[in-house]
Amino acid sequence: MPERTALYRLYGADDRLLYVGITSEPKTRMKAHAADKSWWTEVQTREVEWFGTRDEAAAAEVEAIRREQPLHNHIHNTAALLALLPAVTEEPLRPRFEPVASDDRSAAQRMAADMRALTMSGDIQVGSRLPTTHDLCARYKISNVTVQRGLRILKAEGFAVGRNGSAVYSTSPAPQHLAEPKHHVATEVSAGQTTPPRRVAESLAITSGQEVEHHRTLVYVDGRPLRLETRYWRDENTNENPVEQLDQITVRPPTSAELLSLQLPEEIPVMNVFRQLLGRDGQALEVQIFIEPGNLCQRQYRTLMVSQ
């Protein structure tokens, strides 16, 4: 049955539109805003308009943001820059960062980094021949042996392939059926009750040491590990459906367990997606963590720009 959904507008002094949103339970959403929105004290009046379905309300919300330019709407900005951890201000814990004056990676790593970037940007087309060993030696002022080390790095990461008696060619590490979910095969790693990591516990609003349900799988495509997925949730019997998805993405070197599970070359970082599925009250119903190889993962974001 379609869910009746409200489009609400919050106004400040002089009828300045502060915020536009949608919800099936306006009173609950107002309480959530009062608890976590720094601008809530500016709200003077509100308007509520009901729609027969959530899709109708969502379309009206986007149109209202475009036309009416509310001051504090960021919900349709699909990417946000967030610090990984809170900034440390107290001594002696505040880190000291030294200026980077030179690239101290090996010559082979530097050469591989350039070829990798050119391939990923499309300046070197997949299927084309990479520069010859002679050209690479001259360009980077390195030896034949060093060039071969750099090419081995690219081959291990899936960005280059050699043909017997021929040149080395640019290629893509993406499996053939990467974009086709029907070819993704999940293998269960673990399941059942567990004490979640602290960040998960905070998102689910549970006490320290409390156990929750979890399910961890390793997803394969074309026989290659693609993604390590872990889901956590408080109550598997809840009937509430999430109304909002919040993703926080970080990139870091893999742990030993991740490197082995995903069969990663040592130079490849991982992308960590921390996903929260939120209920009507803004509380996480479920947390999902995806660990993906840096040479395979890609995200695309579209942001609605609202002029002030």
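Taking a ≥ b ≥ c as the square roots of the eigenvalues of the alpha-carbon gyration tensor, the range 76-177 is classed oblate because a/c is 1.5 or more while a/b is no larger than b/c. Couplings for the range 6-15, taken from phi via the Karplus curve 6.51 cos²θ - 1.76 cosθ + 1.60 with θ = phi - 60°, read 9, 9, 10, 10, 10, 10, x, 4, 6, 6 Hz in order; Gly and Pro are left as x. Each Lys and Arg adds +1 at its Cβ and each Asp and Glu adds -1 at its Cβ; summed about the Cα centre, the chain shows a dipole of about 1060 debye. List the aspartates and glutamates whose alpha-carbon lies under 15 Å from that of Lys37, not counting same-chain residues fewer than 8 positions away? Partners within reach: Asp281. Given +1 at the Cβ of Lys and Arg, -1 at the Cβ of Asp and Glu and no other charges, the dipole of the range 88-177 around its Cα centre is 460 debye to the nearest 20. Dipole orientation for the range 197-308: of the candidates Leu218, Leu296, Leu262, Leu296 has the Cα lying most toward the positive pole (charges on Cβ; Lys, Arg +1; Asp, Glu -1).
Computed from the Cβ-Cβ distance with R0 of 51 Å, the FRET efficiency linking Ala138 to Arg199 stands at 0.55.
In the range 148-226, what percent of the accessible surface is made up of carbon and sulfur (1.4 Å probe, ligands and nucleic acids excluded)?
C and S atoms contribute 47 percent here.
Within the same chain, aspartates and glutamates fewer than 8 places from Lys182 are excluded, and of the rest, those with a Cα less than 14 Å from its Cα are Asp222. Close amide H pairs (under 5 Å, H built 1.01 Å from N) link Ala160 with Lys155, Thr171, residues at least 5 positions away or on another chain.
Extension gain for Glu25-Val161 works out to 43.3 nm (0.36 nm per residue, less the C-alpha to C-alpha distance). Give me the Debye-computed log₁₀ of I(q)/I(0) at q = 0.16 Å⁻¹ for the range 18-65, equal point scatterers on Cα only, no solvent, two decimals. Those come out to -0.48, one per q.
For the range 211-308, the solvent-accessible area with a 1.4 angstrom probe is 55 square angstrom per residue.
Our note on the geometry: Cα centres of the range 138-201 and the range 90-110, 26 Å apart. Centroid-to-centroid, using Cα positions, the range 219-286 and the range 1-65 are 30 Å apart.
For Lys141, the aspartates and glutamates whose Cα falls under 17 Å of its own Cα, not counting residues fewer than eight places away in the same chain, are Asp103, Asp104, Asp114. An oblate overall shape is assigned to the range 200-308, the ratio a/c of its alpha-carbon gyration tensor axes (a ≥ b ≥ c) being 1.5 or greater and a/b not exceeding b/c. The modelled label-to-label distance for the pair Leu71/Arg105, using points 7 Å beyond Cα in the direction of Cβ, is 4.6 nm. Helix content alone sets the calculated 222 nm mean residue ellipticity of the chain: runs of n ≥ 4 DSSP H residues at -39500 (n - 2.57) each, divided across all residues, give -7500 deg cm²/dmol.
Here the spin labels are modelled as points 7 Å beyond Cα on the Cα-Cβ line, and at Arg16 and Phe97 they lie 3.3 nm apart. The Kirkwood hydrodynamic radius of the chain, based on inverse pair distances between different Cα atoms, is 23.6 Å.
Given contacts defined as C-alpha pairs under 8 Å and at least six residues apart, what's the relative contact order of the chain, whole-number percent? Reported relative contact order: 14 percent. Simple rule: put +1 on each Lys or Arg Cβ and -1 on each Asp or Glu Cβ in the chain, find the dipole, and look at Tyr11, Ile142, Leu246; the Cα lying farthest toward the positive end is Ile142. For Arg252 and Arg299, the difference between the fully extended length at 0.36 nm per residue and the C-alpha to C-alpha distance is 15.3 nm.
The values are calculated or read from the model by the stated rules, or taken from the named source; none is laboratory data. What you see is a predicted model; the values in this text were computed from it and never measured. Positions of Cβ are backbone-derived with ideal geometry, glycine not excepted, and every protein chain shown enters the neighbour counts. Keep in mind that these areas ignore ligands, DNA and RNA; they rest on the heavy atoms of the full protein, side chains included. Shrake-Rupley method; radii C 1.70, N 1.55, O 1.52, S 1.80 Å.
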